[in-house]
Amino acid sequence: MREEVELAEEEREARELRRRFADWDFISRQPPKVREALKYYIEKGDLRRAAKLAGLGIEEFRELLRKARIPVVV
């Protein structure tokens, strides 16, 4: 039970970091599919699914994350 609470707290902190550092102006200028994939990544942290939603490969999506200043928090 304690591990679940700690994991939930870590996920919350990671989500907050992604939200705080994201360049929301850059994100808002992206095509709808890419914009939604970036938002999905910010909320969920699932790189593979977000890349798939954007229709991009992992490396292409990681480059997009760099441009959007979204940290990859592990």
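Out of all the residues in the range 19-29, is one or more surrounded by 13 or more Cβ atoms within 10 Å (Cβ to Cβ), free of Cβ contacts under 8 Å to residues at least 12 places away in the same chain, under 14 Å from the mean Cα position of the chain (by Cα) and on the phi < 0 side of the Ramachandran plot? Even if it seems obvious, please write down each step before you answer.
Taking the range 19-29 as the starting set, the residues that turn out to be surrounded by 13 or more Cβ atoms within 10 Å (Cβ to Cβ) are 19, 21-24, 26-27.
Filter again for free of Cβ contacts under 8 Å to residues at least 12 places away in the same chain, leaving 24.
Filter again for under 14 Å from the mean Cα position of the chain (by Cα), leaving 24.
Right, trim to on the phi < 0 side of the Ramachandran plot and you get 24.
Yes, the range 19-29 contains at least one residue that is surrounded by 13 or more Cβ atoms within 10 Å (Cβ to Cβ), free of Cβ contacts under 8 Å to residues at least 12 places away in the same chain, under 14 Å from the mean Cα position of the chain (by Cα) and on the phi < 0 side of the Ramachandran plot.
Starting from the range 2-16, keep only residues that are within 16 Å of residue 47 (Cα to Cα) and touching a residue at least 40 places away in the same chain (Cβ under 8 Å), then list their pairs with residues that are surrounded by 10 or more Cβ atoms within 10 Å (Cβ to Cβ) and not polar (S, T, N, Q) whose Cβ atoms are within a distance under 9 Å, requiring at least 6 positions of separation or different chains.
Once the first residue is within 16 Å of residue 47 (Cα to Cα) and touching a residue at least 40 places away in the same chain (Cβ under 8 Å) and sits in the range 2-16, its partners that are surrounded by 10 or more Cβ atoms within 10 Å (Cβ to Cβ) and not polar (S, T, N, Q) give 14/45; 14/71; 14/73.
On the given criteria, is residue 12 at pLDDT 95 or above, touching a helix residue (DSSP H, G or I) at 6+ places or on another chain (Cβ under 7 Å) and not aliphatic (A, V, I, L, M)?
no
Collect the residues in the range 1-17 that are part of a helix (DSSP H, G or I) and more than 14 Å from the chain's Cα centre (by Cα), keeping them in residue-number order. Give the derivation first.
Restricting attention to the range 1-17, the residues satisfying the condition of being part of a helix (DSSP H, G or I) are 2-17.
Scanning the range 1-17 gives 2, 3, 4, 5, 6, 7, 8, 9, 10.
Do we find that residue 55 is on the phi > 0 side of the Ramachandran plot, at pLDDT 95 or above and more than 12 Å from the chain's Cα centre (by Cα) in this structure? It would help to see each step written out before you state the result.
Numbers: on the phi > 0 side of the Ramachandran plot: yes; at pLDDT 95 or above: yes; more than 12 Å from the chain's Cα centre (by Cα): yes.
In short, yes.
Take the range 1-18 and flag every residue that is more than 14 Å from residue 72 (Cβ to Cβ) and either hydrophobic (A, V, I, L, M, F, W, C) or surrounded by 15 or more Cβ atoms within 10 Å (Cβ to Cβ) (or both).
Listed by number, the residues that qualify are 1, 5, 7, 8.
The values are calculated or read from the model by the stated rules, or taken from the named source; none is laboratory data. For clarity, every value in this text was computed on a predicted model and none was experimentally measured. Note that we place each Cβ from the backbone using ideal geometry, even for glycine, and neighbour counts take in every protein chain shown.
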